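Please treat every number below as a calculation from the coordinates, not as lab data. Worth saying up front: this structure is predicted, and the values here are computed from it rather than measured. In this analysis, Cβ positions are derived from the backbone assuming ideal geometry, glycine residues included, and neighbour counts consider all displayed protein chains.
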Amino acid sequence: MIRFLLRLFPTAWRDRYGEELVALVDDTGLDAGTVADVARAGVNERARSARAAIAGGGTMTIGPAWRHPTLWAAVGLLVLVPTMTFVLLSMLTYQLGLSGLAATMEPVNRWLDSQRLADLVLVAAPGIAFIVAAAPLVRLTLATADGEPSATLGLRLRAINLVVASLALAVGALLVGHIVWEAVLQQGA
Amino acid sequence: MTDTNFPNDPGLLLMISLAGGPKHGHAMLLDVEGFAGVRLGPGTLYGALSRLESAGQVEALPAEGRRRPYRLTPAGRLALADRLTALERAVTTGVARVGA
């Protein structure tokens, strides 16, 4: 938990004081107050680092997902799986007419109609999955050169992240298309 | 915590603690709790310590396992003396005005 919270701190700060902070928390124990204190300190250090970068005291890189792109892609895929399964089964059942699946899909659809929150999570999942999978492809660097503050956007291409992000976009588009199509059918009925 | 309101200034509390000799994080935390009755959180303590080290007012000593002791630098000792003198003046004036 405490090592996860350390990610809130700038990398240079974490490399210098991280182990000592963990040792201190091992000595004092971890409770809700400690979690809040460490989280607040992390945000403060980030802000201090950003101010220093803008004032010419160094550079600051904002890219929390940059270091573990495969992990972020895996999490994005995990978020996407329920919606992807639902869209795939819906297409097989209603677009391709595999009637054998209708018995499975009908109760699922009825349940989703009665559970608005689950419905909302299912609809939002492709968007969330896209952001999670694509986040490691982008980072922002703040710096000051010759007294002028500058922000540089860094982009990179990684196949696994691009595949998951594209899959999320495709599933999202299919889902939106499905929702619009159903609305049109209901208007016509 | 702000930087100017004793006893809520963690930097000042840490400098007072280190004025008594080098200490690592946990020893500072216990010392501050003992003389000021303030329990600093680990994030607050290391946030303040990193600012003091950046300012050249404290310095790290060689690590002892996972722990690293810190001590006041000569510049830190001077800065602490200045701040305590200013505080003392304020306290003396305040006490005289409230008639305590």
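Roughly what angle does helix A:159-188 make with the longest principal axis of chain A, taking Cα atoms, 0 to 90 degrees, to the nearest 10?
Computed tilt is about 40 degrees.
Taking each residue of B:29-41 in turn, how many C-beta atoms of other protein chains fall within 10 Å of its C-beta, and what is the average?
Values: counts 3, 2, 0, 0, 0, 0, 0, 0, 0, 0, 3, 2, 11.
That average works out to 2.
Using 1/(1 + (r/R0)^6) with R0 = 22 angstrom and r between the beta carbons of A:Val81 and A:Trp111, what's the FRET efficiency to the nearest 0.05? Working shown, then result.
Numbers: r = 18 Å, r/R0 = 0.81.
With a Förster radius of 22 Å, E is 0.80.
How large is ³J(HN,Hα), in whole Hz, for each residue of the stretch A:3-13 in order, when computed from phi with the Karplus curve 6.51 cos²θ - 1.76 cosθ + 1.60 and θ = phi - 60°, using x for Gly and Pro?
5, 5, 5, 4, 5, 6, 8, x, 4, 4, 5
Quick one: if you take sqrt(5λ) for each eigenvalue of the C-alpha gyration tensor of the stretch A:55-116, what semi-axes come out, biggest first, whole angstrom? Present the calculation step by step, with values, prior to reporting the outcome.
Details: eigenvalues 370, 37, 15 Å².
The answer is 43, 14, 9 Å, longest axis first.
How high is the relative contact order of the stretch A:1-78? Use alpha-carbon pairs under 8 Å, at least six apart in sequence, and give a whole percent.
Working: 40 pairs, mean separation 25.8, N = 78.
Here the relative contact order equals 33 percent.
Out of residues 5 or more away from B:His24 or on other chains, whose amide H comes under 5 Å of its own, with H placed 1.01 Å from N in the peptide plane?
So B:His24 has HN proximity to B:Tyr70.
If you count, for every residue in A:40-48, the Cβ atoms of partner chains within 10 Å of its Cβ, what is the mean?
Numbers: counts 5, 9, 2, 1, 4, 5, 0, 0, 4.
If you average over the peptide's residues, the count of other-chain Cβ atoms is 3.
When ranked by the protection proxy of mean other Cβ atoms within 10 Å per residue, highest first, what sequence do the peptides B:13-21, B:87-95, A:120-128 form? Write out the running numbers ahead of the final one.
Details: B:13-21: 20.3, B:87-95: 10.8, A:120-128: 16.4.
Answer by packing, highest mean first, reads B:13-21, A:120-128, B:87-95.
What is the mean projected area of the alpha carbon convex hull for chain B, to one decimal in square nanometres? Spell out each step's value before the answer.
Working: hull surface 26.7 nm².
Approximately 6.7 nm², given one-decimal rounding.
What is the distance in Å between the Cα centres of the stretch A:67-111 and the stretch B:29-97?
Distance between centres, Cα-based: 58 Å.
How high is the relative contact order of chain B, in percent, with contacts defined as C-alpha pairs under 8 Å that are six or more residues apart? Let's see the in-between values first.
Values: 106 pairs, mean separation 25.2, N = 100.
Dividing the mean separation by the residue count of chain B yields 25 percent.
Give the share of C-alpha pairs in each 10 angstrom bin for the stretch A:122-184, from 0 to the last occupied bin, in whole percents, shortest bins first.
The calculated distribution, bin by bin, is 20, 33, 22, 16, 7, 2.
Search the structure for amide H atoms under 5 Å from the amide H of B:Thr73, placed 1.01 Å from N in the peptide plane, and list their residues when 5 or more places away or on another chain.
Under 5 Å from the amide H of B:Thr73 lie the amide H atoms of B:Val58, B:Glu59, each far enough along the sequence or on another chain.
When the Karplus curve 6.51 cos²θ - 1.76 cosθ + 1.60 is applied with θ = phi - 60°, which whole-Hz ³J(HN,Hα) does each residue of the stretch A:135-144 get, with x for Gly and Pro?
Rounded to whole hertz, the list is 3, x, 8, 10, 8, 10, 10, 9, 7, 10.
Averaged over its residues, how many other protein chain Cβ atoms are within 10 Å of peptide B:46-54's Cβ atoms? Please report the intermediate quantities before stating the final value.
Working: counts 11, 12, 1, 3, 8, 3, 0, 2, 3.
For this peptide, the per-residue mean of nearby foreign Cβ atoms is 5.
Per residue Cα convex hull volume for the stretch A:72-173, in cubic angstrom? Mind showing how you got there, number by number?
On the way: hull volume 11.6 nm³, N = 102.
Per-residue hull volume (Cα only) is 113 Å³.
How high is the relative contact order of chain A, given as a whole-number percent (alpha carbon pairs under 8 Å, six or more residues apart)? List each step's numbers first, then the result.
Values: 207 pairs, mean separation 47.5, N = 189.
It comes to 25 percent, rounded to a whole number.
Using DSSP to call loops (not H, G, I, E or B), can you name the trypsin sites (Lys or Arg not before Pro) in the stretch A:22-85 whose Cβ has at most 13 other Cβ atoms within 10 angstrom? Intermediate values should be presented prior to the final figure.
Values: sites: A:Arg40, A:Arg46, A:Arg48, A:Arg51, A:Arg67; in loops: A:Arg67.
Those that pass, being in a loop and sparsely packed, are A:Arg67.
Let me spell out the model: positive unit charges on the Cβ of Lys and Arg, negative unit charges on the Cβ of Asp and Glu, origin at the Cα centre of chain A. What dipole size does that give, in debye rounded to 20?
Values: 14 positive and 14 negative charges, 75 e Å.
Value, rounded to 20: 360 debye.
Give me the base-10 log of I(q)/I(0) for the stretch A:1-98 at each q in 0.17, 0.18, 0.23 Å⁻¹, Debye formula, one uniform scatterer per Cα, rounded to two decimals.
Scattering profile of the stretch A:1-98, log10 relative to I(0): -0.86, -0.92, -1.15.
Rounded to two decimal places and with Rh computed the Kirkwood way over Cα pairs, what is Rg over Rh for the protein assembly as shown?
Numbers: Rg = 27.8 Å, Rh = 23.6 Å.
Checking Rg against Rh, the ratio lands at 1.18.
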